[in-house]
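What follows is a short report on a single structure.
Readers should treat all values here as calculations from the given coordinates under stated rules, not as data from a laboratory. Please read these numbers as outputs of a predicted model, since none were measured by experiment. Cβ sites come from the backbone with ideal geometry, for glycine too, and all protein chains shown count toward neighbours.
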Amino acid sequence: MDVTTDQQPGTAPEQRSRPSWQAIAALVVVVAAIGVAVVLGYVHTRNPVVVSGPLAVSTFDQPGANSAACKSLMPALPGKLGDGPRRQIDGEPAGIAAWGDPAVILRCGLETPQDLTCSSALVQVNGVSWLQLTEAGLGSTTYIAADRSVRVAVTVPDGSGTAAIQQVSNAVSTTLQFRQPCSNGVLLPTDTR
């Protein structure tokens with residue numbers, strides 16, 4: 001009986017059929033990496049907000065942060081904005097609150113920005129008139145409440161949607177009394193007491 005094989009001269013049959021240990025190790029690493037990526041992706045979609053430790057927030061001049069208006073607004077703010085839980089602020093400065101990651105940041109008692117004038121185009125959200133400030137490259141939009149006795153600023157990361165500004169507007173409209181931004185063409189001063 002004549003049996004032919006495709007065996008190369010000098011190679012044993014068991015050498016041809018076994019993959020090298022390097023190939024097996026590489027395959028295991030690739031499969032493990034894919035598994036980790038799938039698990040992390042699932043966890044991220046189930047719990048998209050990962051908040052760890054107090055948030056460090058840059059400070060601005062907030063002469064009205066300790067005013068009666070800000071002191072009444074801060075405890076009225078929601079514990080959650082959209083899907084973002086309220087965050088602890090490093091140093092716990094007066095008049096600042098934050099939610100989620102990337103953070104939505106609220107500052108109460110700011111000085112009036114130069115962009116806010118009696119002729120500024122304002123956006124109405126749930127009973128509050130906001131000046132919308134969008135600067136290219138910052139990755140966020142800031143809204144300044146124009147029709148209250150104190151200036152409230154809310155900085156929202158791009159792509160966050162409108163839930164944050166709507167919920168903050170609800171708290172502002174129910175806590176802080178409406179006031180026209182201008183009288184006789186002059187912007188009214190803010191309350192710092």
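Brief remarks on what is shown
- For Val125, residues with placed amide H under 5 Å, excluding near neighbours: Trp130
- Ordering of 159-167, 69-77, 139-147 by packing is 139-147, 69-77, 159-167, highest average first (other Cβ atoms within 10 Å, averaged per residue).
- Backbone amide hydrogens, once placed in the peptide plane, bring Val150 within less than 5 Å of Asp191, excluding anything fewer than 5 places away on its chain.
- Working note: Cα gyration tensor of segment 89-169, eigenvalues times five, square-rooted, sorted largest first, giving semi-axes of 19, 16, 13 Å.
- Percentage of interatomic Cα-Cα distances in segment 48-193 larger than 17 Å: 59 percent
- Take the Cβ atoms of Arg193 and Leu138, set R0 to 41 Å, and the FRET efficiency comes out at 0.80.
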